[in-house]
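Remarks on the structure that follows.
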Amino acid sequence: MDDLLSSFYSLPVFDLKHDEKRILLNNALNQLNIHHYNNCKEYRNLINAMSFKLEVSDCQQQPYIVARLFKMLELKSISSDNIFKRLYSSGTSSENVSNIFLDGQSAKEQSKVLSKILQEFTGKQRLPMLLIDSPDIIKNKKSFSARGAGIKGLSFLGRDHTYALNSDMSINYKAIDDFLVKHSNQTILIFGFTFMIWKYLVQPLKEQGQSLNIANSILFHSGGWKKLQTQSVDNHTFKQFCYDILGNTRVHNFYGMVEQTGTVYVECEHGFLHTPVFSDILIRDIQTYRVLDNGEKGLIQLLSVLPRSYPGHSILTEDLGRIIGTDNCSCGRKGHYFHVYGRLPQSETRGCSDTYQ
Ligand SMILES: [Zn+2]
C-alpha cells in the first residue's frame, strides 16, 4: 500500500499514454478499494449494497460513490485519533458541507502531488507569489474551507507570499505595489479563486481605470463559474480582462474538488483541462450512468490514486463534462483532455469560492 503512490511519483506527469496509464491506475484503484473496504464501515456497506466488485479489470468498471455522500456521512478510513486535518467544501448551510478527513501522511501527499502537477506549468523554482484573497482565510489551522485549503495547498509553489486583499476584500494597494517593486524583474505567480479575482481585483481595477502592468506572470485560478456566468463572464472574457488589467500573464484555469484535493486538472495553452498521471476522468450518462464515449456530454466521474484516509478515490460528481480527446492535444500532453460545463441543473448548488458574500 505504501509503495502505491511512490510508484506514481517516478512517472512523468503528462507523458504517459492513456492505455499505459489506465492499467497502472486500475491496479492502484483495486488496491484502494480493498483498503477502504477494510477500513471504512460505511464504504463497505455501500459497496455491498451496490454489489460492486472490489477488483475489476478496467477503470470503467471501478466502483464509485456519489459526491453528496460526503455531505451525508462521515466517511473515513482512519481512526479518529489519527485525524490531522479536516477539509470542508463550503456550502450554503452546514448540511451542504462535505467533510474530508486527512491524516498527516495524506495531507503531505496532497501537497506533493499538487506541486508536481502545477510545477509542470511553473517550473521547479519557487516564484514570488501574489494571493488574491485576504490573509484571514487561513487563520484557523486545524480546519480549512475549500478556499483556505486551496490557498494553503498552492502556497508551496511560491515564496514571499503576499495577500492582495484586505479583510474587507478591498484591494491592498500598498501590499501589491511593494510586492511588484520588490520583484520587478521576476516572473510572478498569481493565485486566487476565479470569482475572487474577478469581483475583488480585476473588476474594481477596471472600474477605477487602473492596471497593474506586471511584466511577466503566471496566473492559476480555480472555483466555480456559476456566479460569473450570471454576469455573462466566460473563460474567454475572464482571460481577456486579466490580460488588460494585470499585464503580460499566462492564465490557467484548473478544475478539481475538495474531495480529491491534490489531483487537479489544469487548463493547457489551448484551453483544455488535462488529466495527470495520478488521476483520470470518466463521463457517465445522466440517466443510465453508462460510461460515454469521447465527445459525449455527461456526468463527470473522477478517479484518483491519492485518497487514502477517506474513500474518495472514485467519485461521481454533479458536474457536467465532455472528454474532447485522448493523447492528441496540440499542447503535446498525453491522456484525456476535457471541458467542464458546470453543475448539473437543479442539483443542489455547492459554492466553493462562490460563498463569500
Ligand atoms: Zn492541451
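If the requirement is being closer than 30 Å to ASP177 by Cα and crowded, with 22+ Cβ neighbours inside 10 Å, which of these qualifies: HIS236, HIS274, HIS221?
Answer to the check: HIS221.
Only one of LYS85, LYS124, LYS139 is at pLDDT below 90 and farther than 17 Å from VAL258 by Cβ; which?
LYS139
Please tell me if ASP280 is in contact with a His (Cβ under 8 Å, 6 or more places away or on another chain) and among the acidic types (Asp, Glu).
The answer is yes for ASP280.
When you scan the stretch 5-18, do you find a residue that is more than 18 Å from the chain's Cα centre (by Cα), over 29 Å from GLY223 (Cα atoms) and acidic (Asp, Glu), even just one?
Checking the stretch 5-18: not a single residue is more than 18 Å from the chain's Cα centre (by Cα), over 29 Å from GLY223 (Cα atoms) and acidic (Asp, Glu).
Would you mind finding the one in LEU4, LEU16 that is surrounded by 14 or more Cβ atoms within 10 Å (Cβ to Cβ), in contact (Cβ under 8 Å) with a residue 12 or more places away in the chain and assigned to a loop (DSSP other than H, G, I, E, B)?
Criteria check complete, one pass: LEU16.
Can we say VAL305 is within 16 Å of the ligand (Cβ to nearest atom) and buried (at least 18 other Cβ atoms within 10 Å of the Cβ)?
Against the criterion (within 16 Å of the ligand (Cβ to nearest atom) and buried (at least 18 other Cβ atoms within 10 Å of the Cβ)), VAL305 does not qualify.
Of the numbered conditions (1) touching a Cys at 6+ places or on another chain (Cβ under 6 Å); (2) within 16 Å of the ligand (Cβ to nearest atom), PRO311 fails exactly one; give the number of that condition.
(2)
For the stretch 287-319, which positions are closer than 20 Å to GLN105 by Cα and of a type outside the set (A, V, I, L, M)?
Listed by number, the residues that qualify are SER304, PRO307, ARG308, SER309, TYR310, PRO311, GLY312, HIS313, SER314.
Mind listing just one residue for me: the one in the stretch 325-340 that is assigned to a loop (DSSP other than H, G, I, E, B) and within 20 Å of the chain's Cα centre (by Cα) and, of those, nearest to the ligand (Cβ to nearest atom)?
Selected residue: ARG333.
Say we look at the stretch 286-302 and pick out the residues that are in a loop (DSSP other than H, G, I, E, B) and among the β-branched types (Val, Ile, Thr); which of these is nearest to the ligand (Cβ to nearest atom)?
ILE286
Going through the stretch 247-285 one residue at a time, which ones are more than 16 Å from the ligand (Cβ to nearest atom) and at pLDDT below 95?
Scanning the stretch 247-285 gives GLY247, ASN248, THR249, GLY256, MET257, VAL258, GLU259, GLN260, THR261, GLY262, THR263.
Considering only the stretch 24-77, state which residues are of a type in the set (A, V, I, L, M, F, W, C), in a helix (DSSP H, G or I) and under 25 Å from the mean Cα position of the chain (by Cα).
LEU24, LEU25, ALA28, LEU29, LEU32, CYS59, LEU69, PHE70, MET72
In contact with a Cys (Cβ under 6 Å, 6 or more places away or on another chain) and not hydrophobic (A, V, I, L, M, F, W, C): is that true of SER77 in this structure?
Here the answer is yes, as SER77 does meet what is asked.
Anything in the stretch 303-316 that is among the hydrophobic types (A, V, I, L, M, F, W, C) and not in a loop (DSSP other than H, G, I, E, B)? List them, or say none.
LEU303, ILE315, LEU316, listed by residue number.
The values are calculated or read from the model by the stated rules, or taken from the named source; none is laboratory data. Model, not experiment: these values are computed from the prediction. Note that each Cβ is placed from the backbone with ideal geometry, even for glycine, and that neighbours are counted across all protein chains shown.
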